[in-house]
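First comes the structure, then the notes that go with it.
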Amino acid sequence: MKKQFAVIGLGRFGGSICRELMENGMEVLAMDKDEDRVNEFASIATQAVIADTTDESVLKSLGVRNFDHVIVAIGDDIQSSILTTLILKEVGVNHITVKAQNDYHEKVLRKIGADHVVHPERDMGKRIAHYIVSNNVLDYLELSDEYSIVEIKVNDRLAGRTLLELDVRARYGINIVAIKRGTEINVSPAAEDPFCKDDILIVIGADSDINRFEKKSDGINRSNVTQ
């Protein structure tokens, strides 16, 4: 099933996350108090609504507790950001990512239960979107508009596989250029050496090809590796 996300605040930061999530095939509820911004995303998001997210009854009526992940990307209104986060936590949202304006704001957000706090001056919306979409993507570096380097953590489904078995260059058009294991990094991994759980694969390639591999690695099994 597709993961369901809610993005609160459709400024530059929230808007970029919303677009990237949709491009990755997710279902997105986009919310903002500004009618013009909501109208802009009406044709982009799965659903776009005008909402005052500091009102608990509004959030409950939208069913936010049923979403896999809620991203609070409210702009300069720190009070609204904090109150919205607090309400989301109280209604039982499983995972909350919040944009912080400064270190003090971050401290408050963490104290009230934000699961992940980001600073727009340090983290691009696209990078955060990749982090929250995939269970095993650790880091994301954009090389150009179309190419990136991604760190992917080896999960249970990838553990025990080899470069030879996965044949990612032929199947996905990407390259695994190194493998990190603990404090060591292997820049010349042997094709027949199996991956260990929690290894980190350094992958380079086109964004579209990396996305295909990310999705496959989340649901990969021995029967479909060879397809």
Original post:
If ligands, DNA and RNA are left out, what is the accessible area of Lys107 with a 1.4 Å probe, given in Å² to the nearest 10?
Top reply: 130
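Give me the tail of P(r) for region 1-113 as a percent: Cα-Cα pairs with distance above 19 Å. Mind dumping the intermediate values first?
Details: 2425 of 6328 pairs.
Everything past 19 Å amounts to 38 percent.
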Subject >> Net lengthening on full extension, Glu35/Asp76 (0.36 nm per residue, minus Cα-Cα) >> reply: 13.0 nm
Original post:
What is the Å³ per residue value for the convex hull set by the Cα atoms of region 34-93?
Top reply: 85
Subject >> For Met31, solvent-accessible area (1.4 Å; no DNA, RNA or ligand), Å² >> reply: 0
Original post:
Going down the list Lys111/Lys215; Lys60/Lys89; Lys153/Lys216, which pairs span over 22 Å between their C-alpha atoms?
Top reply: Lys111/Lys215
Subject >> Heavy atoms of Glu192 accessible to a 1.4 Å probe, total area in Å² rounded to 10 >> reply: 120
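The values are calculated or read from the model by the stated rules, or taken from the named source; none is laboratory data. Quick caveat: nothing in here was measured; it's all calculated off a predicted structure. The accessibility values were calculated without ligands, DNA or RNA, using every heavy atom of the protein model including side chains. Shrake-Rupley method; radii C 1.70, N 1.55, O 1.52, S 1.80 Å.
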